[in-house]
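This report concerns only the one structure given below.
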Amino acid sequence: MPHKTAEARAAYSKAYYEKNKEARKDYYKKNKGARRAYDKDYYKKNKEAKSAYDKAYREENKEALEARRKAYYEKNKEARRAYNKALSLLKKYGITLVEKKKMMNEQGNKCKICLQEFNDKVVSCVDHCHSTEKIRGLLCRNCNAGLGFFKDDTKILIKAIEYLKGE
């Protein structure tokens, strides 16, 4: 036996791993498609065994996995928040954060209705037509909610203006 002790075997394995690291990377890059096909085929053939193994692993390591998940979320809180914000804009309105910032710059960083400047306390909301889904601009939360309460109906808004004027 070439390795007399467990430490010698571990040292050899580590040295072998380090020595062949670049060759392994090159192999995986060159054979990416074949590796994926093999992995997919292997998963199909062993789906039940793999699922059972994964379930057992999650059960045995519940606390460690939960601790790792919490640490990840805590470490990446701001990045997750920004990602979720960007994803939400894309899903709801079909625009990116860059496009929203461009709109904000075009509006002078102010609400299109009340002209209040956007900041940490005054949040910008994307205003859109509910029937055509077309984006009209950025509004502060109050103006956006106000239009929503009036159901984007100009007739109701005109009656509200007349009411406020005392006519």
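Just a few scattered comments:
- Leading residue by the ranking (nearest to ILE95 (Cα to Cα)) among those in region 124-147 that are of a type outside the set (Lys, Arg) and exposed (fewer than 13 other Cβ atoms within 10 Å of the Cβ): GLU133
- Region 118-143, residues that are within 25 Å of THR154 (Cα to Cα) and acidic (Asp, Glu): ASP127, GLU133
- Verdict on TYR57 being of a type in the set (Ser, Thr, Tyr) and more than 30 Å from LYS100 (Cβ to Cβ): yes
- Test: residue in region 94-105 that is in a helix (DSSP H, G or I) and more than 30 Å from VAL126 (Cβ to Cβ): no
- Any chance LYS91 is free of Cβ contacts under 8 Å to residues at least 60 places away in the same chain and either loosely packed, with under 10 Cβ neighbours inside 10 Å or in contact with a His (Cβ under 9 Å, 6 or more places away or on another chain) (or both): yes
- Meets criteria (among the small types (Gly, Ala, Ser), surrounded by 10 or more Cβ atoms within 10 Å (Cβ to Cβ), touching a helix residue (DSSP H, G or I) at 6+ places or on another chain (Cβ under 9 Å) and assigned to a helix (DSSP H, G or I)) for ALA52: no
Bear in mind that the values in this text are calculations on the coordinates, not laboratory data. Fair warning: this is a prediction, and the values are worked out from it, not measured in the lab. Reconstructed Cβ throughout: ideal geometry from the backbone, glycine too, with neighbour counts over all protein chains shown.
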